[in-house]
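The values are calculated or read from the model by the stated rules, or taken from the named source; none is laboratory data. Note that this is a predicted model, so its numbers are computed, not measured. Note: ideal-geometry Cβ built from the backbone for every residue, glycine included; neighbour counts use all protein chains shown.
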């Protein structure tokens, strides 16, 4: 499986430093019981990966900072239960069977910095889906093979977002307004989508050039190897990363 080219190293260091500090800062211990088939530690991490879960785990400690429920069969993120976890900074729900998420799903997760929804069965992202996530820095949405529509305002309020990966979905176009609203964006993954090379996609490519992004080759060395008559076609086989102003 091809990985997204590495984002700006300084951005990643800041992200993981933030998550580390949030995860180990002095805080009351996990006083509630740990859910069945999960492991809870004294650093406020709840690990439930690969446990054949079909439902979101019950009785999660309210102080949880990191929740990993990847590699299960969870089809729904219940907003009521999830939003009790107001101190959550890291959420990995990759490789499940999620079909739908909405603004209410993440309504109270204002500290969340990392969200992985890759390898699910999402089909569309609605208006303000991630609106409440004002601290979101990294969002992974890869390998949702039915995902064919992203609302222009899906990310409009995520001004802290630095890394966005929508690779290997079923997107044919991406409204440029989805990205213009992201002043902190440093790394963007678009590869493996059946992009339609029309005027809207050309606008996206032009924006990429104006904003100082560079195409990133498969080997991660930044080499493109040549120009395409329709520059949009490069987005079907390459990711790209914004160059540092420094």
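Rundown of residues vs (1) within 22 Å of residue 33 (Cβ to Cβ); (2) part of a loop (DSSP other than H, G, I, E, B), yes/no style:
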position	(1), (2)
58	yes, yes
61	yes, yes
67	yes, no
75	no, yes
86	yes, yes
100	no, yes
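Being part of a loop (DSSP other than H, G, I, E, B), out of contact with any helix residue (DSSP H, G or I) (no Cβ under 6 Å at 6 or more places or on another chain) and at pLDDT 90 or above holds for only one residue in 131, 146, and it is 146.
Remark: residue 180 falls outside the filter, which requires a residue to be modelled with pLDDT under 90, touching a helix residue (DSSP H, G or I) at 6+ places or on another chain (Cβ under 6 Å) and on the phi < 0 side of the Ramachandran plot. Filtering the stretch 103-125 to residues that are surrounded by fewer than 17 Cβ atoms within 10 Å (Cβ to Cβ), in a loop (DSSP other than H, G, I, E, B) and touching a strand residue (DSSP E or B) at 6+ places or on another chain (Cβ under 9 Å) leaves only 123.
Per the listing 33, 75, the residue uniquely out of contact with any helix residue (DSSP H, G or I) (no Cβ under 9 Å at 6 or more places or on another chain) and either at pLDDT below 95 or more than 25 Å from residue 122 (Cβ to Cβ) (or both) is 33.
For every residue, the table says whether it meets (1) out of contact with any helix residue (DSSP H, G or I) (no Cβ under 6 Å at 6 or more places or on another chain); (2) within 23 Å of residue 67 (Cβ to Cβ); (3) without any contact (Cβ under 8 Å) to a residue 40 or more places away in the chain.
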residue: 137; (1), (2), (3): no, yes, no
residue: 141; (1), (2), (3): yes, yes, yes
residue: 151; (1), (2), (3): yes, no, yes
residue: 157; (1), (2), (3): yes, yes, yes
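Name the residues in the stretch 39-56 that are surrounded by 17 or more Cβ atoms within 10 Å (Cβ to Cβ) and assigned to a strand (DSSP E or B), would you? Residues satisfying the conditions are 40, 45, 46, 47. Consider residue 167 carefully, then state whether it is under 13 Å from the mean Cα position of the chain (by Cα), over 23 Å from residue 205 (Cβ atoms) and part of a loop (DSSP other than H, G, I, E, B). No; evaluated as a whole, the condition is false for this residue. Checked against the criterion of being buried (at least 20 other Cβ atoms within 10 Å of the Cβ) and within 25 Å of residue 183 (Cα to Cα), the stretch 66-88 contains one or more residues that satisfy it. Scanning the stretch 149-164 for residues that are touching a strand residue (DSSP E or B) at 6+ places or on another chain (Cβ under 9 Å) and assigned to a loop (DSSP other than H, G, I, E, B) yields a count of 6.
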